[in-house]
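Let me begin by presenting the structure, written as structure tokens, before commenting on it.
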Amino acid sequence: MKLYVLKCDGGYVRNMDLIKCKCVPIEKASVFNEKNLPEAKALMECAKREGLNHVCVVELIVTEGAEIEI
């Protein structure tokens, strides 16, 4: 499975609602799969309207390891 996020100068983009977004740390970013990349494109436009700089789509590399105790 491939996953994607929008990267910006200060971190990653999070969709707050249909018309607002902000720059957040990776663990709070909006994540997309290949099927909902059109939503990522809409979020990119939102990010540009909100004044976020250097917004681009990046692929996440996710690995599943052994179980851990928390």
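Taking the conditions exactly as written (surrounded by 13 or more Cβ atoms within 10 Å (Cβ to Cβ), more than 10 Å from the chain's Cα centre (by Cα) and in contact (Cβ under 8 Å) with a residue 12 or more places away in the chain), does Cys46 satisfy them or not?
So Cys46 passes the test.
Considering only residues that are open to solvent by less than 40 Å² (accessible area, probe 1.4 Å) and out of contact with any Cys (no Cβ under 8 Å at 6 or more places or on another chain), look in region 4-25 and name the one that is nearest to Cys56 (Cα to Cα).
Val5
From the residues in region 26-43 that are of a type in the set (S, T, N, Q) and either modelled with pLDDT under 95 or out of contact with any helix residue (DSSP H, G or I) (no Cβ under 9 Å at 6 or more places or on another chain) (or both), which one is most open to solvent (accessible area, probe 1.4 Å)?
Here the answer is Asn33.
Of the residues in region 14-49, how many are among the aliphatic types (A, V, I, L, M) and assigned to a helix (DSSP H, G or I)?
Qualifying residue count, region 14-49: 7.
Answer with yes or no whether Ala66 is among the hydrophobic types (A, V, I, L, M, F, W, C) and part of a loop (DSSP other than H, G, I, E, B).
Answer is yes for this residue.
With the structure loaded, tell me whether Ile61 is closer than 20 Å to Leu3 by Cα, out of contact with any helix residue (DSSP H, G or I) (no Cβ under 6 Å at 6 or more places or on another chain) and surrounded by fewer than 10 Cβ atoms within 10 Å (Cβ to Cβ) or whether it fails that test.
Yes.
The values are calculated or read from the model by the stated rules, or taken from the named source; none is laboratory data. Being a predicted model, the structure only gives us computed values, none of them experimental. Neighbour counts run over all protein chains shown; Cβ positions are idealised from the backbone, glycine included. Surface accessibility is based on the protein's heavy atoms, side chains included, excluding ligands, DNA and RNA. Shrake-Rupley method; radii C 1.70, N 1.55, O 1.52, S 1.80 Å.
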